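Quick notes on the structure that follows.
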Amino acid sequence: MINYANLRFDYEPYPIGIARPVFGQATYRELVENLPPIELFEYKPEKGGKYSLSQVNNPRQYNRFVDGSPPWQRFHRFIKSKEFIAGAMDSLRQHGIDLGFPGPGFAERIRLRARALKRGNPVPYFPRLKARFEFSAMPIAGGNIAPHTDHPKKIITMVIPLLRDGEWNADWGGGTSVVWPKDTSKIFNPLNTYLDFDETERLKTFEFEPNQCLFFIKTNNSWHAVWPMTGSDPNIFRNTLTINIESS
């Protein structure tokens, strides 16, 4: 369902890539046309005015919506499959990024354990990986995501804009920026402390465009942010689908 064929990575200051198109056009349109209404979302003012709907935020409404929407039900089933996680990890390895997690099969785990024992190393522990997705909406009138590096449990984050044709005005902003702390003592950030925007400098911005996927790895310095948007209508939202692969 997700197309990694056109995925391209930057490797500094941490691995971050972009793929487009990430869905077939028919699938993308179907998902966009069946977005949940904003009334189902949980409002999080401490997160830059973000609205969130997920298995963590308003889980009952989330499950009810997904169960009642055939396109999103299919997508949910795909994201929860072992094949999705295996495909994401394989795409990373093809770009020189090996996170050290085995494939989903029992044989792969046995192979890695045998190799470790042969080298005299301790038997490796393989944390359980799981995937989930979140519907996110931020008002174009000032909505933002402050500089941060993501929760320690996150391994991979994938951010997909959900836009109808001609819906987005680039002048509003909304792109995801790779940022870097001005104070070098704050670069190392394993516990995901947030910074103010003026405490960082923007190194690169990935514009907010339809049917693309921003694909980045959680590291101790994976700083990123979305600068406050400059639109004026509080009823227009930056809609995204955020997929996370997390460690147990």
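Conditions (1) among the aliphatic types (A, V, I, L, M); (2) part of a helix (DSSP H, G or I); (3) at pLDDT 95 or above, marked per residue:
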position: Tyr194; (1), (2), (3): no, no, yes
position: Leu203; (1), (2), (3): yes, no, yes
position: Pro210; (1), (2), (3): no, no, yes
position: Phe216; (1), (2), (3): no, no, no
Restricting attention to the range 218-248, the residues that are under 17 Å from the mean Cα position of the chain (by Cα) and either free of Cβ contacts under 8 Å to residues at least 40 places away in the same chain or part of a strand (DSSP E or B) (or both) number exactly 13
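Residue-wise test of (1) closer than 19 Å to Ile97 by Cβ; (2) of a type in the set (Gly, Ala, Ser).
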residue: Gly173; (1), (2): no, yes
residue: Trp180; (1), (2): no, no
residue: Phe188; (1), (2): no, no
residue: Glu199; (1), (2): no, no
residue: Asn221; (1), (2): yes, no
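Table: residues versus (1) over 21 Å from the mean Cα position of the chain (by Cα); (2) among the hydrophobic types (A, V, I, L, M, F, W, C); (3) in a loop (DSSP other than H, G, I, E, B).
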| site | (1), (2), (3) |
| --- | --- |
| Gly120 | yes, no, yes |
| Lys130 | no, no, no |
| Ala146 | no, yes, no |
| Pro152 | no, no, yes |
| Thr157 | no, no, no |
| Leu163 | no, yes, yes |
| Leu191 | no, yes, yes |
| Asp198 | yes, no, no |
Which residue, of Gly17, Gly96, is in a strand (DSSP E or B), out of contact with any Gly (no Cβ under 8 Å at 6 or more places or on another chain) and either of a type outside the set (Lys, Arg) or at pLDDT below 95 (or both)?
-> Gly17
Taking the range 23-36 as the region of interest, how many residues are among the small types (Gly, Ala, Ser) and either buried (at least 19 other Cβ atoms within 10 Å of the Cβ) or within 16 Å of Ile79 (Cα to Cα) (or both)?
-> 0
Check Glu207 against each of (1) buried (at least 21 other Cβ atoms within 10 Å of the Cβ); (2) over 14 Å from the mean Cα position of the chain (by Cα) and name the one condition it does not meet.
-> (1)
Scanning the range 37-73 for residues that are in a helix (DSSP H, G or I) and surrounded by 14 or more Cβ atoms within 10 Å (Cβ to Cβ) gives Ile38, Leu40, Lys47, Gln61, Tyr62, Phe65, Val66, Pro71, Trp72
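The values are calculated or read from the model by the stated rules, or taken from the named source; none is laboratory data. None of the values given here were measured: they were computed from a predicted structure. Positions of Cβ are generated from backbone atoms using ideal geometry, with glycine treated the same way; all protein chains shown enter the neighbour counts.
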